[in-house]
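One structure is given here, and the rest of the page talks about it.
The numbers here are math on the coordinates, done by the rules we state, and not lab data. The shown structure was predicted, so the numbers you read here are calculated from the model rather than taken from an experiment. Don't worry about glycine lacking a Cβ; one is built from the backbone with ideal geometry, like all the others, and counts go over all protein chains shown.
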Amino acid sequence: MLELLCAVTAAGLAVRAQNTVTRQRDEAVALRAAAESVRLSRHSPSLAVQIVLAAYRQSPQGRTQDALLSTLSVASMGSRALGSRPAGGHPPSTPRPGTHRP
């Protein structure tokens with residue numbers, strides 16, 4: 001009976017240790033992705049935002065939140081510097097007077 005109790009306790013400790021290691025690995029991957037997104041934000045803001053959002057969802061903590069805010073800030077400033085354009089690259093058109101646009 002004592003042997004069974006020891007085996008169950010050891011199995012429980014092993015599962016707990018594995019869960020801790022998995023969580024720490026996931027946090028490390030998220031932090032690395034968040035740091036990479038900050039680096040990418042000036043050159044590829046759209047990709048950087050996608051990466052940092054995934055990192056923040058994986059590990060919503062202070063450092064990933066900081067990276068999210070930094071990446072969004074740089075990405076939004078970049079679009080202002082280049083001029084905001086909709087998908088397709090054409091500037092928004094304004095309707096002529098007397099025309100109806102659905």
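Once you list every other residue whose beta carbon is under 13 Å from the beta carbon of ILE51, what net charge do they have if Lys and Arg are +1 and Asp and Glu are -1? Before the final figure, lay out the partial values.
Numbers: positive: ARG32, ARG39, ARG57; negative: GLU36.
Counting the neighbours of ILE51, the net charge comes to +2.
Considering every pair of different Cα atoms, what Kirkwood radius, in Å, is found for segment 30-81? Let's see the in-between values first.
Values: mean 1/r = 0.0982 Å⁻¹.
Result for segment 30-81, one decimal place: 10.2 Å.
Please list 3J(HN,Hα) in residue order for segment 9-15, calculated via the Karplus relation 6.51 cos²θ - 1.76 cosθ + 1.60 where θ = phi - 60°; whole Hz, with x for glycine and proline.
Ordered by residue, 3J(HN,Hα) equals 5, 4, 5, x, 5, 5, 5 Hz.
HN-Hα J couplings of segment 37-48 from phi, Karplus 6.51/-1.76/1.60, θ = phi - 60°, integer Hz, Gly and Pro as x?
5, 5, 5, 7, 4, 7, 8, 9, x, 5, 5, 4
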